[in-house]
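Worksheet for the structure shown next.
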Amino acid sequence: MEQVVLLDRDIFISRSYLIERGLSINTLKKWVSRNTVTSLLIKGIKYIKYSTIPRQTQDKLPSASELKSIIHEAKSDSKQSYYNQILTNAFEKGFITFRSEYEKDKRLTLDKITECARLRAVWEKILEHNNGARGATELLFKAFDSIYKGKYATYGAFCTVKTKARKDINSVVIDTRWFREQHSSIDQQVFYWAAGLVSNPLNDTSRTIWRKLNDACNKANIETPSYSWVKKFVREKERNPQIFASRYGREKAFNKLEPFATIIHAKNPGSQWQIDGWDLPFYYKGFYKGKPTSYLKLILVAVMDYHSKKFVGYCIGESENTDTILKAIENAVRNTGFLPFEILSDNHSFNKTMEANHFKEVIETIGVTWRVTSNPREKVIERYFRYLGEHHSKNYPGYLGQGLKTREKNGRPTQEYHDHFTKSDTWKERREVELIGHSIITEFNNAPLKHLGSKTPNEVHENTEKPYTFPINEFLRLKIFSRKSIQTIKRGQIQKLPGCPYEYQLTAEQFTKLNGKKVIVRYESSDMIYLFDEKTDEPITTVYRKSGIHGALADQTQEDIDKLNKNKGRLNGIKSKAKKEVEGLRDKTLMMHPNAFETLNRIMTPKHVLQEVKANYELKERVTKDGTNLEMAEVRSVEPMIISSLKPQESKDKNPYSVRGKHQVKKIDFTDNDEL
């Protein structure tokens with residue numbers, strides 16, 4: 001709605017304009033009722049003639065000249081908006097009419113066809129509306145510049161091109177520079193040398209590259225490129241991912257130049273674990289290759305759950321090697337009781353070891369996938385190592401910072417701080433750094449994280465469903481992670497395990513079942529071993545380490561005496577178990593075959609030589625010829641030596657001193673007169 005209009009050189013002001021300037025509605029009504037002012041109705045809006053307004057009110061309003069300026073500006077803005085709309089419509093919609101014309105030009109690519117058609121539509125509208133109206137050309141220039149910002153630097157340049165367009169519109173639409181062949185006087189060798197210098201990991205500046213090229217060109221007696229040529233060449237080649245990676249580093253190329261996919265984090269705990277190593281940012285004093293030093297670091301090999309961001313397991317050691325990696329994963333299995341659907345690691349040398357191949361084969365049979373990636377966007381664990389340093393490690397004295405590569409101004413403490421914690425009286429011990437590592441992991445797992453909805457990793461991990469995990473019991477964990485060897489149990493003992501000097505002694509019950517058999521032995525500490533069936537690899541039992549006993553009385557302690565008694569009890573137990581086993585066989589057999597003992601007795605009775613000779617005629621004749629009187633010969637009969645456990649129960653009870661059955665041997669009471 002226009003608030004000020006000009007009709008026949010008379011200025012009219014709308015009632016709303018006067019009210020906005022503080023005039024009351026009652027005053028307006030009084031003016032109209034007393035015919036003080038002249039009013040006019042335009043398009044349903046009441047206007048009041050400015051010249052009829054009382055002088056006192058006019059003094060509070062803009063002057064007549066100011067109001068006329070407002071009217072002219074409004075008209076100008078309206079015209080500018082009008083031209084802007086016309087050219088915008090031509091740019092966005094009108095170009096379709098001209099596309100077919102430029103599709104015939106085979107020099108133009110698809111994007112250039114559209115670009116030419118848009119520019120042609122805009123220029124056609126400019127020429128159509130540039131009909132000599134006052135100020136129209138300037139308004140059209142502003143409208144053109146709103147679409148093609150800065151294409152023509154000045155209004156004069158626009159007018160020059162407009163004149164050219166009236167003669168041949170395609171001369172301003174098609175840019176002939178698109179089709180010019182670029183010819184360079186630079187020798188091909190210079191391009192090759194320059195590409196090599198740009199890709200140099202030393203990361204030379206453009207001026208250094210130019211200076212080296214000059215030296216090479218002078219020696220080869222070829223034309224030297226200009227410094228501006230070198231700068232342009234460097235800018236162009238830095239867009240090449242391979243050269244950029246060689247010049248600035250693979251990680252930087254990935255983060256700044258190469259395209260990337262948006263990775264969505266795991267939806268459930270246990271869907272994926274990520275494993276990586278991180279240097280704990282603290283120095284400690286110790287020995288390296290046998291020499292004392294104070295600039296040692298420990299490495300934290302950690303396993304993170306991709307969903308909850310909880311560090312489910314870790315191991316602190318001197319390096320990220322096969323042993324620490326497997327211990328970190330085993331620690332995660334101990335803590336969670338399961339293996340995940342997938343384990344993600346970087347391309348570490350661990351993946352080429354025999355231990356890694358064995359580990360991967362075992363977990364693959366369970367259903368776990370081990371995947372190696374070189375994509376840093378997938379390894380979110382690396383970002384949380386930085387979080388561990390900035391938000392948790394920094395709270396402990398001696399913190400070294402994020403590392404030498406960091407570009408953040410807050411990434412490292414001052415040199416003075418560093419010097420203070422590298423003095424002889426402030427060096428940390430290894431155990432202290434290990435304790436810091438344990439503490440920061442615990443603090444992180446119990447601290448709320450913003451992207452977890454202000455919940456802690458522990459809470460998210462515990463309270464979220466885990467549908468893609470593989471439960472691991474104690475024996476299955478041992479199969480996956482423990483060292484393994486096949487041993488034969490001799491004399492009720494396991495000995496000579498690889499890398500373990502200790503002996504392990506079976507109990508009486510274990511001795512009876514396992515002595516002399518081959519078993520699979522797995523162990524993770526010197527105190528106890530685990531026995532598995534050799535064929536099925538099913539768990540059998542656990543066996544504890546055998547401890548030595550001092551033989552000399554002077555060295556023996558009560559503990560040694562207890563161990564001797566315990567060993568004697570074990571031997572008695574073994575004998576008792578063996579006896580019960582034989583008796584069990586006897587009882588079962590005699591229950592089924594009562595005459596089995598007589599047969600056994602006959603089988604085991606030694607031959608009576610005199611009876612054998614008398615029964616054999618030829619042998620009897622031969623002995624008689626030798627002068628032997630068989631009637632006078634005496635040969636004792638020998639009872640069969642059958643162990644008591646195989647003899648029937650009733651035959652053993654015939655012994656009057658047997659305590660079995662109803663008969664009991666009593667001690668004689670000499671005070672009893674009846675007995676005397």
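How about the stretch 206-230: which of its residues are β-branched (Val, Ile, Thr) and either farther than 11 Å from Ala194 by Cα or surrounded by fewer than 18 Cβ atoms within 10 Å (Cβ to Cβ) (or both)?
Thr208, Ile222, Thr224
Residues are listed down the side, and each one gets a yes or a no for (1) in the same structural domain as Tyr102 (by TED's automatic domain parsing); (2) among the β-branched types (Val, Ile, Thr); (3) at pLDDT below 90; (4) surrounded by 11 or more Cβ atoms within 10 Å (Cβ to Cβ):
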residue	(1), (2), (3), (4)
Phe144	yes, no, no, yes
Tyr148	yes, no, no, yes
Lys151	yes, no, yes, yes
Asp168	yes, no, no, no
Ala194	no, no, yes, yes
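If I filter the stretch 337-355 for residues that are part of a helix (DSSP H, G or I), closer than 19 Å to Lys466 by Cα, of a type outside the set (Gly, Ala, Ser) and assigned by TED's automatic domain parsing to the domain that holds Ile436, do I get at least one hit?
For the stretch 337-355, residues part of a helix (DSSP H, G or I), closer than 19 Å to Lys466 by Cα, of a type outside the set (Gly, Ala, Ser) and assigned by TED's automatic domain parsing to the domain that holds Ile436: absent.
Of (1) among the aliphatic types (A, V, I, L, M); (2) over 27 Å from Leu140 (Cα atoms); (3) at pLDDT 80 or above, Ile86 satisfies all except one. Which?
(2)
How about the stretch 346-381: which of its residues are at pLDDT 85 or above, under 14 Å from the mean Cα position of the chain (by Cα) and of a type in the set (Asp, Glu)?
Result: Asp346, single match.
Taking the residues in the stretch 437-452 that are part of a helix (DSSP H, G or I) and in contact with a helix residue (DSSP H, G or I) (Cβ under 7 Å, 6 or more places away or on another chain) as candidates, determine which candidate is nearest to His307 (Cα to Cα).
Leu452
Out of Leu119, Leu197, which single residue is under 30 Å from Phe244 (Cα atoms), touching a residue at least 12 places away in the same chain (Cβ under 8 Å) and of a type in the set (A, V, I, L, M, F, W, C)?
So the residue among Leu119, Leu197 that is under 30 Å from Phe244 (Cα atoms), touching a residue at least 12 places away in the same chain (Cβ under 8 Å) and of a type in the set (A, V, I, L, M, F, W, C) is Leu197.
Could you check the stretch 236-274 and list, in sequence order, the residues that are assigned to a loop (DSSP other than H, G, I, E, B), among the charged types (D, E, K, R) and modelled with pLDDT under 80?
Of everything in the stretch 236-274, just one residue is assigned to a loop (DSSP other than H, G, I, E, B), among the charged types (D, E, K, R) and modelled with pLDDT under 80, namely Glu258.
Which of the following residues is touching a residue at least 12 places away in the same chain (Cβ under 8 Å) and under 14 Å from Arg99 (Cα atoms): Lys162, Lys125, Lys142, Lys112?
Every option except Lys112 fails the conditions.
Can you name the condition, by its number, that Ile381 falls short on among (1) closer than 27 Å to Phe475 by Cα; (2) buried (at least 18 other Cβ atoms within 10 Å of the Cβ); (3) not charged (D, E, K, R)?
Only one criterion in (1) closer than 27 Å to Phe475 by Cα; (2) buried (at least 18 other Cβ atoms within 10 Å of the Cβ); (3) not charged (D, E, K, R) is unmet by Ile381, namely (1).
Being at pLDDT 75 or above, over 20 Å from Val362 (Cβ atoms) and either among the small types (Gly, Ala, Ser) or not in a loop (DSSP other than H, G, I, E, B) (or both) is the filter here, so list the residues in the stretch 494-545 that pass it.
Hits for the stretch 494-545 are Leu514, Gly516, Lys518, Thr541, Thr542, Val543.
Looking at the stretch 297-308, can you tell me whether even one residue there is free of Cβ contacts under 8 Å to residues at least 24 places away in the same chain, assigned by TED's automatic domain parsing to the domain that holds Glu432 and either among the aromatic types (Phe, Trp, Tyr) or not in a loop (DSSP other than H, G, I, E, B) (or both)?
No, every residue in the stretch 297-308 fails to be free of Cβ contacts under 8 Å to residues at least 24 places away in the same chain, assigned by TED's automatic domain parsing to the domain that holds Glu432 and either among the aromatic types (Phe, Trp, Tyr) or not in a loop (DSSP other than H, G, I, E, B) (or both).
Report, by residue number, each residue of the stretch 29-59 that is modelled with pLDDT under 80, over 28 Å from Ser78 (Cβ atoms) and among the hydrophobic types (A, V, I, L, M, F, W, C).
Within the stretch 29-59, just Val32 meets the criteria.
Report every pair of residues separated by at least 6 positions or lying on different chains whose Cβ atoms are under 8 Å apart, first residue within the stretch 415-434 and at pLDDT 80 or above, second of a type in the set (Gly, Ala, Ser).
What qualifies is Lys428/Gly398; Arg430/Gly286.
Let's see how each residue does on (1) closer than 15 Å to Lys142 by Cα; (2) out of contact with any Ser or Thr (no Cβ under 8 Å at 6 or more places or on another chain):
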position: Ser81; (1), (2): yes, yes
position: Phe95; (1), (2): no, no
position: Glu103; (1), (2): no, yes
position: Arg107; (1), (2): no, yes
position: Glu115; (1), (2): no, yes
position: Arg118; (1), (2): no, yes
position: Trp123; (1), (2): yes, yes
position: Glu128; (1), (2): no, yes
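Select the helices (runs of 4 or more DSSP H) contained entirely in the stretch 13-94, then report the ones holding at least 2 residues which are charged (D, E, K, R) and surrounded by 11 or more Cβ atoms within 10 Å (Cβ to Cβ).
64-89
Out of all the residues in the stretch 31-52, which are polar (S, T, N, Q), farther than 16 Å from Arg9 by Cα and free of Cβ contacts under 8 Å to residues at least 12 places away in the same chain?
Of everything in the stretch 31-52, those that are polar (S, T, N, Q), farther than 16 Å from Arg9 by Cα and free of Cβ contacts under 8 Å to residues at least 12 places away in the same chain turn out to be Ser33, Asn35.
Looking only at the stretch 304-320, which residues are of a type in the set (Asp, Glu) and out of contact with any Gly (no Cβ under 6 Å at 6 or more places or on another chain)?
Asp305, Glu318 - these are the residues of the stretch 304-320 that are of a type in the set (Asp, Glu) and out of contact with any Gly (no Cβ under 6 Å at 6 or more places or on another chain).
Is it the case that the stretch 211-229 has a residue that's closer than 19 Å to Phe244 by Cβ and not assigned by TED's automatic domain parsing to the domain that holds Tyr148?
Taking every residue of the stretch 211-229 in turn, none turns out to be closer than 19 Å to Phe244 by Cβ and not assigned by TED's automatic domain parsing to the domain that holds Tyr148.
The values are calculated or read from the model by the stated rules, or taken from the named source; none is laboratory data. Everything quoted here is computed from the prediction, not taken from an experiment. All Cβ positions, even for glycine, are placed from backbone atoms using ideal geometry, and neighbour counts span all protein chains on display.
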